Structures are given as structure tokens and as C-alpha cells.
1. Output the residues belonging to the range 24-55 that are closer than 16 Å to residue 71 by Cα and over 12 Å from the mean Cα position of the chain (by Cα).
2. If you scan the range 17-39, which residues turn out to be outside any helix (DSSP H, G or I) and either surrounded by 14 or more Cβ atoms within 10 Å (Cβ to Cβ) or out of contact with any helix residue (DSSP H, G or I) (no Cβ under 6 Å at 6 or more places or on another chain) (or both)?
3. Working carefully through the options 55, 41, 8, find the one that is over 17 Å from residue 75 (Cβ atoms) and modelled with pLDDT under 95.
């Protein structure tokens, strides 16, 4: 399988995701959060540091669940609104 190179937008999105998860984790250890989510601590460390800019949906859903974050809240913070670039619909 060939992976396409990440765009600058992908990298920024990964950095925002990592920052959100670090804030939500607070004082909890990376080890306990990772184990509760069923992922390796190394995977969580890479996501939080932005080294994995496009983690799988199931990984993010598992971590978000452990941190009591709704996926809507994660998406709202990670993906900025694109209202300016959306086509306008005539009514």
C-alpha cells in the first residue's frame, strides 16, 4: 500500500488533535490512558506529539471515549470551519 504524503493541513490537524488529547488527559498518565483505550503508549505518544497526523478512526474513538470527549467535540476542535470555502446555495 502506498501512502500519500501528508499535506500541511494534515500536519496542522494532527498537531491540533495531539494538543487536544494532551489537554484532555490532564494529569492522567499516558500509560493508563493508552491501556484503557486498548492502544500502546507509544501510539498515544506519537499521536499527542503530532508524529501520527492521521490516526485511524477507531483509535481516536477509543481514546476519546476514555477521556470522555465526544467525537463531535474532537472534530470541532481538530477541523476548523470551512464556511468561507463552501459554495453558497441559492434559495
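1. 25, 37
2. Scanning the range 17-39 gives 26, 27, 28, 29, 39.
3. 8
The values are calculated or read from the model by the stated rules, or taken from the named source; none is laboratory data. Computed from a prediction, not measured in an experiment: that's the story for all the values here. Using ideal geometry, Cβ is built from the backbone for each residue, glycine included, and neighbour counts are taken over all protein chains shown.
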